[in-house]
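Encoded as structure tokens, the structure appears first; notes follow it.
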There are 2 protein chains.
Amino acid sequence: MSSNRPNLYIDANIDRFKEELFALLRIPSVSTDSRRKGDVRAAADFLESQFKSIGLENVRVFETPGHPIVYGDFLHAPGKPTVLVYGHYDVQPAEPLELWTHPAFEPTVVGDDVYARGASDDKGQAYIHVKAIESWLQTEGSIPVNVKIILEGEEEIGSPNLIPFLEEHRGRLACDMVLVSDTSMFDKDVPSITYGLRGLAYMQVEVTGANRDLHSGVYGGAVANPINALAGIIAQLKDEQGRIAIPGFYDDVADLTPAEREAYAKLPFDEDRYKRELGLHDVTGETGYSTLERASARPTLDCNGIWGGYQGEGAKTVLPGKAAAKISMRLVPNQDPHVIARRFIDHVRSLAPEGVTLEVHEHHGGMPAVTPLDSDGMKAAAQAFAEVYGKEPLFTREGGSIPIVAAFKRILAADTILMGFGLNSDAIHAPNEKFSLTDFRRGIHTSASFFRILGGA
Amino acid sequence: MSSNRPNLYIDANIDRFKEELFALLRIPSVSTDSRRKGDVRAAADFLESQFKSIGLENVRVFETPGHPIVYGDFLHAPGKPTVLVYGHYDVQPAEPLELWTHPAFEPTVVGDDVYARGASDDKGQAYIHVKAIESWLQTEGSIPVNVKIILEGEEEIGSPNLIPFLEEHRGRLACDMVLVSDTSMFDKDVPSITYGLRGLAYMQVEVTGANRDLHSGVYGGAVANPINALAGIIAQLKDEQGRIAIPGFYDDVADLTPAEREAYAKLPFDEDRYKRELGLHDVTGETGYSTLERASARPTLDCNGIWGGYQGEGAKTVLPGKAAAKISMRLVPNQDPHVIARRFIDHVRSLAPEGVTLEVHEHHGGMPAVTPLDSDGMKAAAQAFAEVYGKEPLFTREGGSIPIVAAFKRILAADTILMGFGLNSDAIHAPNEKFSLTDFRRGIHTSASFFRILGGA
């Protein structure tokens, strides 16, 4: 079954594939907009019919309290790995419409790119795998691995019904790995695989002094000021090397391996451009690490918000009774958000100065995730990229969290391979979203090759 | 002229004095309420007619862009000091009306107190001096000192037209001292003279990191966080002894004299009650000073407000582009607000960490003021209190600023004697404002005695 017939099929049918994608892009499946509920449903119906026509089995549209999830599978490769493909068919709102040079839901090809809402995020990338599956089923009548696919309609509103769905259908969705194309390549023609995401512990600290706001003239100097107290606490959470000063914070941090640091060093990164784009004179962070390492492979602590006292125009001489801050920590393997939250709380309590009381509580958190570079899936993905793009992919970590990746790990015990075909310049969530049609084609080839390599075909 | 006839006159006429005060209290002269403009004017007219009937000369109602200022004088004591009496006839709004047990503008006597808006602040206290002047003019046909009196109608809205009036009428208002009754006694039957007020330097610090809000996952760790930076700056503004760590900050601070510390030690102060009322476990402040000293005789630094990033419910993973704080310093003699502001700016700039830019600017400030305890006016005031109340007054400082006191010093080069007859329990600016009729009577006696003693009569 070391067939190249799927690849020949892809090249022969690429124009039809594009037209089908354009048809999907014409459906304004904006999940945040209740008036678009029918359009979101129409996109699900379109995919259900696609799944059936390409030969997927057990095709079904699962209803949820919100928008539906479209499922299909083809499980005829006994002894071979099972891959769960995930993507989403809902899109961000297109507003502000006046900033689009072409109508947001009328796909327009300019040069190599198709412009439309959802072109890159995520219809174009999700459809890649549908067409890769088709290329196997329509040429060989089979796929070298077992494939399950779910496309949901609520990613842009935080996937509220996905976790209950995963929990309810744990058996149906059992797999060896998850394959997701909803991220970007490092740069044009620079294929890359995101292998790590940071976790999150998100805390709120509230400091109370007197039982009410006081006049700063009458009481200032004799009564603790909760803003000053809070600032003092925050200032003590990091040291001068930019390291987090919470006892035990680094205990479970997996240091970067030499191979990982080498992968970072290979990334083509222009620090001057980075600074220019952010309007910064300097970048800054933990001593001993590069900007990319700081932004994705090392844990952080950042205040996300702070408030207290008078925030209006001019001067008001208030000594406030309360102040508060939101403080979050990005985590890396093998830090546990709950352990970190506990250590944070203990440490912050120990820092409380005289005359104030503290309340600290934890908002939602998330586990960090790293997919081992030497897993079968990761190796197959790298080889598939190399075949199609003619170069080895870069391995990157992202600084943020993709909550579904942690959910797949927790509920299905499966690592996720993030095989991104977008570009950072695709303007997702913004006007004039686009997607490269060359990468659409190369993506289908890469996915088809991935199935072949992983299946040992 | 060592006459006690004024005092006899006061006792003989006290019931009429009260009725006149009640008539003034019935006029709802709420300066903040444009619908009450006619009532404010009516109060000014009432006082003009009073001034004329008691024998004051050059009585005149000065128009301003807002509410008028009523003036009168009696300048027939050549070689004797000139006293400028200041007070205000406008009042705070009475709302919320439903919390008053008696109508706010229908003075009601309960026990020793009269309840009405303005009873203590400041109609009752200002009228004391009008009746003291009357008691001299109607018995002796003269006053042992030169007296000028101005009663304004805009104190409750920040006296916007008083400073231009003082500047325009610098000559007419020239005096050796200013006499104001618009403060409180330390406690019931504990006469006291406020001899010091703190000054103010009020700053705003704005910290900018990147040119926009960023995703804390993608950029956190590599880009400076303006909230963390601001907290770090604020934390470095005071040391562990509660002293302000700005270089040169204490250079011009006049230390408390032994006499002043002794005066503080004599004040009947219940620290447990203070803590209980404020809901505090501990009081805290500069090492080596008592709570009352910290709150009024020592300089302070307090954050009055802080803001940045996300302040709403739940968690938002933003790495904000900006954060800002309002930070004010209460000053004591001989600190100059502009010098302090300059030192603050220099120091804060030196604390700015890498990766952020700072903007610091100055809001309005105010000079601290202390009236020497051994001035003629202060000694006469103390003796007058002792005569009438049968005990020496306490000398207190207040932690806040009374801007007009600094204005009198700056424009007229005159110290102010704050001869308060109110009580902290008078509920000024609140429902059920009241004033002790005993203190109204004793106040008139004290003022009349003050004129006699100061004039050496």
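The values are calculated or read from the model by the stated rules, or taken from the named source; none is laboratory data. Predicted, not measured: the structure shown is a model, and the values here were computed from it. Note that we place each Cβ from the backbone using ideal geometry, even for glycine, and neighbour counts take in every protein chain shown.
Filtered by the rule that a residue be over 15 Å from B:ARG5 (Cβ atoms) and of a type in the set (Phe, Trp, Tyr), region B:436-453 gives B:PHE440, B:PHE450. Quick one: in region A:313-334, which of the residues that are crowded, with 21+ Cβ neighbours inside 10 Å and within 32 Å of the chain's Cα centre (by Cα) is farthest from B:GLY232 (Cα to Cα)? Checked region A:313-334; the qualifying residue farthest from B:GLY232 (Cα to Cα) is A:VAL332. In the set A:GLU140, A:GLU134, which member is away from every other protein chain (no Cβ under 14 Å) and either surrounded by fewer than 21 Cβ atoms within 10 Å (Cβ to Cβ) or assigned to a loop (DSSP other than H, G, I, E, B) (or both)? Only one candidate qualifies: A:GLU140.
Can you spot a residue in region B:263-277 that is outside the structural domain of B:VAL190 (by TED's automatic domain parsing), in contact (Cβ under 8 Å) with a residue 24 or more places away in the chain, assigned to a helix (DSSP H, G or I) and more than 23 Å from the chain's Cα centre (by Cα)? The answer is no, given that none of the residues of region B:263-277 is outside the structural domain of B:VAL190 (by TED's automatic domain parsing), in contact (Cβ under 8 Å) with a residue 24 or more places away in the chain, assigned to a helix (DSSP H, G or I) and more than 23 Å from the chain's Cα centre (by Cα).
Consider region A:335-350. How many of its residues are among the aliphatic types (A, V, I, L, M) and either surrounded by fewer than 17 Cβ atoms within 10 Å (Cβ to Cβ) or away from chain B (no Cβ under 14 Å) (or both)? Residues that pass the stated criteria total 3. Give the residues of region A:280-312 that are closer than 21 Å to B:ALA323 by Cα, more than 7 Å from chain B (Cβ to nearest Cβ) and surrounded by 19 or more Cβ atoms within 10 Å (Cβ to Cβ), sorted by residue number. Hit for region A:280-312 is A:LEU301, nothing else.
Among the residues of region A:351-378, just one is more than 26 Å from the chain's Cα centre (by Cα) and crowded, with 23+ Cβ neighbours inside 10 Å, namely A:VAL356. With a requirement of 3 or more residues that are more than 23 Å from the chain's Cα centre (by Cα) and surrounded by 19 or more Cβ atoms within 10 Å (Cβ to Cβ), the strands (runs of 3 or more DSSP E) lying completely within region B:12-128 that satisfy it span B:69-74. Restricting attention to region A:71-112, the residues that are touching a His at 6+ places or on another chain (Cβ under 7 Å) and β-branched (Val, Ile, Thr) add up to 2.
For region B:341-377, residues that are modelled with pLDDT of 95 or more and in contact with a Phe, Trp or Tyr (Cβ under 7 Å, 6 or more places away or on another chain) total 1. If the condition is being touching a Lys or Arg at 6+ places or on another chain (Cβ under 8 Å) and under 30 Å from A:LEU214 (Cβ atoms), then region A:282-310 contributes A:CYS303, A:ASN304, A:GLY305, A:ILE306, A:GLY308, A:GLY309, A:TYR310. Just to be sure before I move on: is B:SER425 under 15 Å from B:GLY366 (Cα atoms) and either of a type in the set (Ser, Thr, Tyr) or free of Cβ contacts under 8 Å to residues at least 60 places away in the same chain (or both) in the structure I sent? Answer is no for this residue. Of all residues in region A:258-279 being among the acidic types (Asp, Glu) and either away from chain B (no Cβ under 12 Å) or touching a strand residue (DSSP E or B) at 6+ places or on another chain (Cβ under 6 Å) (or both), which is surrounded by the most Cβ atoms within 10 Å (Cβ to Cβ)? Checked region A:258-279; the qualifying residue surrounded by the most Cβ atoms within 10 Å (Cβ to Cβ) is A:GLU260.
Residues in region B:80-96 that are in contact (Cβ under 8 Å) with a residue 60 or more places away in the chain and out of contact with any helix residue (DSSP H, G or I) (no Cβ under 9 Å at 6 or more places or on another chain): B:THR82, B:ALA94, B:PRO96. Could you tell me whether B:ASP213 is within 12 Å of chain A (Cβ to nearest Cβ), acidic (Asp, Glu) and touching a residue at least 40 places away in the same chain (Cβ under 8 Å)? Answer is yes for this residue. Of all residues in region A:322-334, none satisfies being facing chain B (nearest Cβ under 7 Å) and free of Cβ contacts under 8 Å to residues at least 40 places away in the same chain. If you check B:ASP251 against the conditions, is it over 25 Å from the mean Cα position of the chain (by Cα) and away from every other protein chain (no Cβ under 14 Å)? Yes. Residues that are over 12 Å from A:LYS322 (Cα atoms) and surrounded by 24 or more Cβ atoms within 10 Å (Cβ to Cβ) were ranked within region A:220-232; the one that is farthest from the other protein chains (Cβ to nearest Cβ) is A:VAL223. Of the residues in region B:368-376, at least one is in contact (Cβ under 8 Å) with a residue 12 or more places away in the chain, more than 14 Å from every other protein chain (Cβ to nearest Cβ) and in contact with a Gly (Cβ under 7 Å, 6 or more places away or on another chain).
The helices (runs of 4 or more DSSP H) falling completely within region B:155-249 that include 3 or more residues that are more than 29 Å from A:ASP302 (Cβ to Cβ) map to B:162-168.
Every residue, every condition in (1) outside the structural domain of A:ASN225 (by TED's automatic domain parsing); (2) touching a strand residue (DSSP E or B) at 6+ places or on another chain (Cβ under 6 Å); (3) under 17 Å from A:ALA224 (Cβ atoms), yes or no:
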{"residue": "A:LEU292", "(1), (2), (3)": "yes, no, no"}
{"residue": "A:GLY309", "(1), (2), (3)": "no, yes, yes"}
{"residue": "A:SER328", "(1), (2), (3)": "no, yes, no"}
{"residue": "A:GLN335", "(1), (2), (3)": "no, no, no"}
{"residue": "A:ARG342", "(1), (2), (3)": "no, no, no"}
{"residue": "A:ILE345", "(1), (2), (3)": "no, yes, no"}
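When region B:244-288 is examined, which residues are found to be touching an Asp or Glu at 6+ places or on another chain (Cβ under 6 Å) and under 30 Å from B:ARG342 (Cβ atoms)? The answer is B:ALA245, B:THR284. Here A:ALA235, A:ALA174, A:ALA201 are screened, and the one residue that is more than 30 Å from A:THR416 (Cβ to Cβ) and in contact with a helix residue (DSSP H, G or I) (Cβ under 7 Å, 6 or more places away or on another chain) is A:ALA235. Scanning region A:379-426 for residues that are surrounded by fewer than 19 Cβ atoms within 10 Å (Cβ to Cβ), touching a strand residue (DSSP E or B) at 6+ places or on another chain (Cβ under 9 Å) and either over 30 Å from A:ASP302 (Cα atoms) or aliphatic (A, V, I, L, M) (or both) returns A:TYR389, A:LYS391.
Return the residue satisfying two criteria in turn: it lies in region B:169-210 and is away from every other protein chain (no Cβ under 14 Å) and acidic (Asp, Glu), and of such residues it is surrounded by the fewest Cβ atoms within 10 Å (Cβ to Cβ). Taking the candidates together, the pick is B:ASP189.
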